[in-house]
Amino acid sequence: MVVESYAKGEHAMGQGHGWEGAVLKLLRAKDFVFTVTGAEDVTGHYRRVHLTDGGMLAATGVHPTMWVRLWFDNAGTPHQRAYTLVDPDPAAGTFSLEFALHEGCASDWARTAKPGDTIEATVHGTDFRRPDPEPSHVFAIGDPASLPALNSLLDALAPAPATVWFESTETLDGLPFRTTPARHDVRPVVRPVPRQDSGAHLVAQVKAALPDLLKASPEPYVWIACDTATTRTLSSYVRKELGLPKQRVHALGYWRAG
Ligand SMILES: Cc1cc2nc3c(=O)[nH]c(=O)nc-3n(C[C@H](O)[C@H](O)[C@H](O)COP(=O)(O)OP(=O)(O)OC[C@H]3O[C@@H](n4cnc5c(N)ncnc54)[C@H](O)[C@@H]3O)c2cc1C
């Protein structure tokens, strides 16, 4: 099982991007500057920003669910957050980013992003291990922050069918799902506002349905990308209680609930 925690946090001012930037440099992370070429609101809480890649895609190549670490400015302090590439095009040197909007520096940057704005990026930690054998069925649990990765995953694993539990405060209408109704069963799960249940409703929905669905799938693959706590709870559940082998489970917390 790939259960990763995504390191994030504020960074002391100093050379470059502070201590974490220095560590990433030692690990041969690559720094690039992206330039905004356009942006549009997809829904009231979801915004797409188009960018040129500063030479990144030619240097790094592309893989499904690929993400980058962006360095946002938080009143003079570098603020690193991860975002997933949408439609990366190495020949053109372009891609888009899709932002689930909420409180926070990254969201604030996206809300006002306009042509000519720039943002620094580091490429480190992103990878994609293709499940082998190919999944007979994908079981995915995510939310608007992981929608770009979910779209990329389902595209990469086509023609595998999928069941998706998708937690959101808003209706799913207008969100840029690239799912196909014939193959993908998307099950909306309402996220309470404020989210005081720590993902309990989402966990309950998954637990109520997943065991029986797994019995009908000879080579299941489970992909979990929710807030960190829910991701941990669900990954532990599918591994320990449902007994899925580690190579059939991918779990990565995408954000930390406040
Ligand atoms: C590998 C990876 C890829 C990712 N790709 C994307 C992507 O393509 N698009 C995308 O929108 N996000 C993506 N995320 C999630 C994104 O990095 C986080 O949501 C991040 O915390 C946003 O930073 P911020 O500065 O806006 O808010 P923060 O300063 O981190 O948080 C501010 C407040 O907002 C809350 N918050 C943070 N994120 C969310 C959220 N997603 N939903 C609800 N409340 C939230 C926090 O609990 C806190 O109270 C990805 C994360 C990872 C690990």
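To the nearest 20 Debye, how big is the dipole of segment 111-209 about its Cα centre, given +1 on the beta carbon of each Lys and Arg and -1 on that of each Asp and Glu? All intermediate terms of the calculation are to be shown ahead of the outcome.
Numbers: 10 positive and 12 negative charges, 28 e Å.
The calculation lands at about 140 debye.
Testing the spin-label approximation: label points 7 Å from Cα along Cα→Cβ at Ser217 and Ala229. State their distance in nm.
2.7 nm
Report for the chain the percent antiparallel among DSSP-assigned beta bridges with both residues inside it, nearest 5.
60 percent
What number in nm² do you get for segment 137-251 if you take the convex hull of its Cα atoms and divide its surface by four?
Projected area, direction-averaged: 6.8 nm².
First check a/c for segment 6-123, with a ≥ b ≥ c the square roots of the eigenvalues of its C-alpha gyration tensor; if it is under 1.5, answer rounded, and if not, answer prolate when a/b is larger than b/c or oblate otherwise. It would help to have the intermediate numbers written out before the result.
Details: a/c = 1.77, a/b = 1.14, b/c = 1.56.
It comes out oblate by the Cα gyration axes.
How much of the accessible area of the chain, probe 1.4 Å, is carbon plus sulfur, in whole percent? All intermediate terms of the calculation are to be shown ahead of the outcome.
Details: 6480 of 12060 Å².
Exposed carbon and sulfur together represent 54 percent of the surface.
Where in segment 30-53 is the amide nitrogen less than 12 Å from a point lying 7 Å along the Cα-to-Cβ axis of His124?
Answer for this model: 30-31.
Of the candidates Leu234, Leu210, Leu147, which one comes out as most mobile in a Gaussian network treatment of the chain with C-alpha springs shorter than 10 Å?
Leu210
Each label point is 7 Å from the Cα along the Cα-to-Cβ direction; what then is the distance between the points at Arg111 and Ala209, in nm?
Label at Arg111, label at Ala209, 3.3 nm between them.
Compute the accessible area per residue over segment 137-181, keeping the other protein chains in place, probe 1.4 Å, unit Å².
Details: 1390 Å² over 45 residues.
I get 31 Å² per residue for segment 137-181.
At 7 Å along the Cα-to-beta-carbon direction for both Leu172 and Lys30, put a label point, then send me their distance in nm to one decimal.
Calculated label separation equals 3.5 nm.
Determine the distance separating the Cα centre of segment 108-167 from the Cα centre of segment 177-228; give it in Å without decimals.
15 Å
Using a 1.4 Å probe on the protein heavy atoms only, what accessible surface does Ser236 show? Give it in Å² to the nearest 10.
Surface accessible to solvent at Ser236 totals approximately 50 Å².
Compute the angle between helix 147-156 and the longest alpha-carbon principal axis of the chain, please, reported from 0 to 90 degrees and rounded to the nearest 10.
That works out to roughly 70 degrees.
Name the most mobile residue of Pro131, Pro78, Pro181, meaning the one with the largest mean-square fluctuation, in a Gaussian network model of the chain with Cα contacts below 10 Å.
Highest fluctuation of the listed residues: Pro181.
Mark the label point 7 Å from the Cα of Asp89 along Cα→Cβ and return the residues of segment 138-152 whose backbone N is within less than 20 Å of it.
What the label zone holds, given the 20 Å backbone N cut-off, is 148-149, 151-152.
I want to verify a result. In a Gaussian network model of the chain, Cα cutoff 10 Å, which of these has the top mean-square fluctuation: Asp197, Asp155, Asp117?
Asp197
From Cα coordinates alone, what are the radius of gyration and Dmax values for the chain in angstrom?
When restricted to Cα atoms, the chain yields Rg and Dmax of 18.2, 55 Å.
The values are calculated or read from the model by the stated rules, or taken from the named source; none is laboratory data. Note that the structure is predicted; figures quoted are calculated from it, not measured. Cβ sites come from the backbone with ideal geometry, for glycine too, and all protein chains shown count toward neighbours. When the accessible area is computed, the model is the full protein with side chains, heavy atoms only, and any ligands, DNA or RNA have been set aside. Shrake-Rupley method; radii C 1.70, N 1.55, O 1.52, S 1.80 Å.
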